[in-house]
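The values are calculated or read from the model by the stated rules, or taken from the named source; none is laboratory data. Note that the structure is predicted; figures quoted are calculated from it, not measured. Cβ placement follows ideal geometry from the backbone for every residue including glycine, while neighbour counts extend to all protein chains displayed.
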Amino acid sequence: MTSVTPTVQPEVHPVGAHRAEVDRIRDDFPGLHQQVAGHPLVYLDSAATALKPRQVLDAERRFAELRTAAVHRGAHTLAATATEEFEGARATVAAFIGAAPDEVVWTSNATEAINLVAYGFSNASTGDRLDGTDAFRLGPGDEIVVTELEHHANLIPWQELARRTGAALRHLPVTEDGELRMDLAPDVIGSRTRILAFSHISNVLGSVAPVAELVRQARAVGAVTVLDACQSVPHRPVDVHALGVDFAVFSGHKMLGPTGIGVLYGRRELLRELPPFLTGGSMISTVTMERAEYLPPPHRFEAGTQKVSQAIALAAAVDYLREVGMDRIGQWQGMLGQRLAAGLVGIRGVRLLGPAPGTERAGLASFEVDGVHAHDVGQFLDDRGIAVRVGHHCAQPLHRRLGLTASTRASTYLYTTAEEVDLVLESVADVRPFFLGTPR
Ligand SMILES: Cc1ncc(COP(=O)(O)O)c(C=O)c1O
């Protein structure tokens, strides 16, 4: 290999113009200013979980210190203030994705949000109706459709739902390069399809699904759409109403927020009819010894004491992202993703997964280094202070299709600099010479 200098045109992506702003942003992230293995940390694992700015940490701490009280329960002043802030956080997050507050349900993470929908379907299907309607009744002859590139969080809950109800699970395959076989969509999505669940952006490939076309095909057959927006909502503007999906899920910890908080968006009419997943306190209107009436959404899906300080901190994260601007974040990360992709294809013995440079991709790239296991790549980079993700990234079927058991993923966020991307490229170029003694 001669050089890993990216081929991205400076006039198209003015790196210098962004640098001052990125430096200012970096000042807000205490986690960025530490040494790992004797080197300044280069954090390229934001698709797994994002670092947190001071503003978010402060919001969570302020609430815990001064506002702690049970929401929707007490009559005292603190409880009323906590409830107000908790519901205010819901309105902030809802507005961020173009939804109404009563269309936003708090969950622990995206995984729980998908399970909430899947268990809503099975509660409606197994005789325990829990106030559900026929819209969610599934059985033999019905089909659930996913894609071959899904994160396990958007696959296994549907496998289990199929098992519980007798519905069949089908999938839209990908090519050996990881591209969705949209030519097969009309064969896979048909009159039996009741659910179509797919990722907006692949957490392995960084590729972007044709949401409008998939929604169109699902609607044409009356199927409910579930969008896994874990890798899109944190990184680009997303308007769930404009996308036309019925449900969407994402996790707070991937968008500068804390762990332990996630979001389910559901179209109002559907949430009204979906049976609850968890039952207990806080989600009921009246209870007798024999049965209970449930609250309307979103509270009917929020049984038990809620994740209050986490919700408030997530709203602070949303405020932070909005202030920087989701358009700008999306553009910056698009540039970084292209820089990564272009650099990786220029390194001898490295196979870039997913879209070729120049094709739309998010700010991440996964790759295989010929002859070197991904875990060794990760260890080698870690010795230089560079944090990346290695393994199957919770997408074993996709890796199998790509002929791999594991890959290495570098993923960026609004605090990532172009120099950090160049540093990881330089280090990846050193991997094979180090392990195999091959020329650079
Ligand atoms: C595309 C995608 N879906 C779902 C998830 C699951 O998110 P969580 O573990 O926060 O529930 C992730 C996280 O890695 C992801 O990247």
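Scanning region 86-114 for residues that are assigned to a helix (DSSP H, G or I) and within 13 Å of the ligand (Cβ to nearest atom) yields A110, T111, E112, A113, I114. Count of region 253-277 residues, restricted to those that are among the hydrophobic types (A, V, I, L, M, F, W, C) and within 16 Å of the ligand (Cβ to nearest atom), is 6. For region 391-404, the criterion of a residue being of a type outside the set (G, A, S) and more than 21 Å from V174 (Cα to Cα) is satisfied by no position. Residues in region 227-252 that are over 27 Å from L352 (Cβ atoms) and within 11 Å of the ligand (Cβ to nearest atom): V249, G252. Meeting the requirement of 2 or more residues that are within 25 Å of Y119 (Cβ to Cβ), the helices (runs of 4 or more DSSP H) wholly within region 166-284 are 211-220, 240-243, 268-273.
In region 196-203, the condition of being touching a strand residue (DSSP E or B) at 6+ places or on another chain (Cβ under 7 Å) and among the hydroxyl-bearing types (S, T, Y) is met by at least one residue.
Here V117 fulfils each of the conditions (1) β-branched (V, I, T); (2) farther than 14 Å from A311 by Cα; (3) away from the ligand (no atom under 16 Å from the Cβ) apart from (3).
Scanning region 191-226 for residues that are farther than 29 Å from P357 by Cα and of a type in the set (G, A, S) yields S191, A218, A220, G222, A223.
Within region 333-341, none of the residues are under 21 Å from V42 (Cβ atoms), in contact (Cβ under 8 Å) with a residue 40 or more places away in the chain and outside any helix (DSSP H, G or I). Scanning region 362-387 for residues that are more than 22 Å from H200 (Cα to Cα) and not in a strand (DSSP E or B) yields a total of 15. Name the residue that is surrounded by the most Cβ atoms within 10 Å (Cβ to Cβ), counting only residues in region 118-159 that are at pLDDT below 90 and hydroxyl-bearing (S, T, Y). This residue is S125. Out of G385, G354, one residue alone is touching a residue at least 24 places away in the same chain (Cβ under 8 Å) and either crowded, with 23+ Cβ neighbours inside 10 Å or in the same structural domain as Q159 (by TED's automatic domain parsing) (or both). It is G354. I'd like the full set of residues that are away from the ligand (no atom under 16 Å from the Cβ) and hydroxyl-bearing (S, T, Y), limited to region 143-195. The answer is T165, T175, S191, T193.
Between A418, A374, A410, the distinction of being farther than 30 Å from A20 by Cβ and among the hydrophobic types (A, V, I, L, M, F, W, C) belongs to A374 only. The single condition from (1) modelled with pLDDT under 95; (2) of a type in the set (S, T, N, Q); (3) within 16 Å of the ligand (Cβ to nearest atom) that S282 fails is (3). Out of region 285-299, which residues are closer than 21 Å to R268 by Cβ and assigned to a loop (DSSP other than H, G, I, E, B)? Hits for region 285-299 are L295, P296, P297, P298. Here H241 clears all of (1) free of Cβ contacts under 8 Å to residues at least 40 places away in the same chain; (2) within 18 Å of L264 (Cα to Cα); (3) in contact with a Gly (Cβ under 8 Å, 6 or more places away or on another chain) except the condition numbered (1).
Going residue by residue through region 369-377, is there one that turns out to be surrounded by fewer than 17 Cβ atoms within 10 Å (Cβ to Cβ) and within 18 Å of G178 (Cβ to Cβ)? The answer is yes, given that some residue of region 369-377 is surrounded by fewer than 17 Cβ atoms within 10 Å (Cβ to Cβ) and within 18 Å of G178 (Cβ to Cβ). Annotation: V56 fulfils all but one of (1) under 23 Å from K307 (Cβ atoms); (2) of a type in the set (A, V, I, L, M); (3) modelled with pLDDT under 95; the unmet one is (3).
If you check E293, E302, which single one turns out to be surrounded by fewer than 20 Cβ atoms within 10 Å (Cβ to Cβ) and more than 16 Å from the ligand (Cβ to nearest atom)? Steps first, please.
Values: E302 fails: surrounded by fewer than 20 Cβ atoms within 10 Å (Cβ to Cβ).
None of the others qualify; the one that does is E293.
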